[in-house]
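Chemist: To start, I am sharing the structure in question, which I have written as structure tokens.
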Amino acid sequence: TDASYIRLKNLALSYNFKSSLLQKWKLKGIKIYVRGENLFVIANKQRFDPEISSSAGAIPPLKTLTAGIKLTL
């Protein structure tokens with residue numbers, strides 16, 4: 001049987017704003033960020049996570065999404 005799969009386990013994106021925008025608000029820095037974990041799995045058997053044992057009651061990894069803003073004064 002074909003046991004291949006594709007998983008997006010971690011993804012992190014961030015953006016730092018330009019200094020010209022920051023001067024208006026008297027800030028040294030602004031950074032926005034988003035981070036995700038266990039976002040998706042593509043596998044032949046769509047109902048099961050290939051990294052989890054097939055025993056009854058097994059829970060797949062939780063999907064986590066974190067976002068935030070970092071201000072530097």
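The values are calculated or read from the model by the stated rules, or taken from the named source; none is laboratory data. As the structure is a computational prediction, the values presented were derived from the model and not from experiment. As a convention, Cβ positions derive from the backbone with ideal geometry for all residues, glycine included, and neighbour counts pool all protein chains shown. Quick note on the areas: whole protein, heavy atoms, side chains included, nothing else; ligands and nucleic acids left out. Shrake-Rupley method; radii C 1.70, N 1.55, O 1.52, S 1.80 Å.
Chemist: In region 8-52, how many residues are out of contact with any Gly (no Cβ under 9 Å at 6 or more places or on another chain) and more than 21 Å from Ala67 (Cβ to Cβ)?
Modeler: Result for region 8-52: 17.
Chemist: Kindly list the number of the only condition in (1) open to solvent by 100 Å² or more (accessible area, probe 1.4 Å); (2) modelled with pLDDT of 85 or more; (3) out of contact with any Ser or Thr (no Cβ under 7 Å at 6 or more places or on another chain) that fails for Lys28.
Modeler: (3)
Chemist: Hey, another quick one. List every residue pair whose Cβ atoms sit under 8 Å apart, with the two residues 6 or more apart in sequence or on different chains, where the first one lies in region 37-64 and is among the polar types (S, T, N, Q) and the second, anywhere, is exposed (fewer than 10 other Cβ atoms within 10 Å of the Cβ) and modelled with pLDDT of 70 or more.
Modeler: Once the first residue is among the polar types (S, T, N, Q) and sits in region 37-64, its partners that are exposed (fewer than 10 other Cβ atoms within 10 Å of the Cβ) and modelled with pLDDT of 70 or more give Asn38/Leu62; Asn44/Asp2; Asn44/Ala3; Asn44/Ser4.
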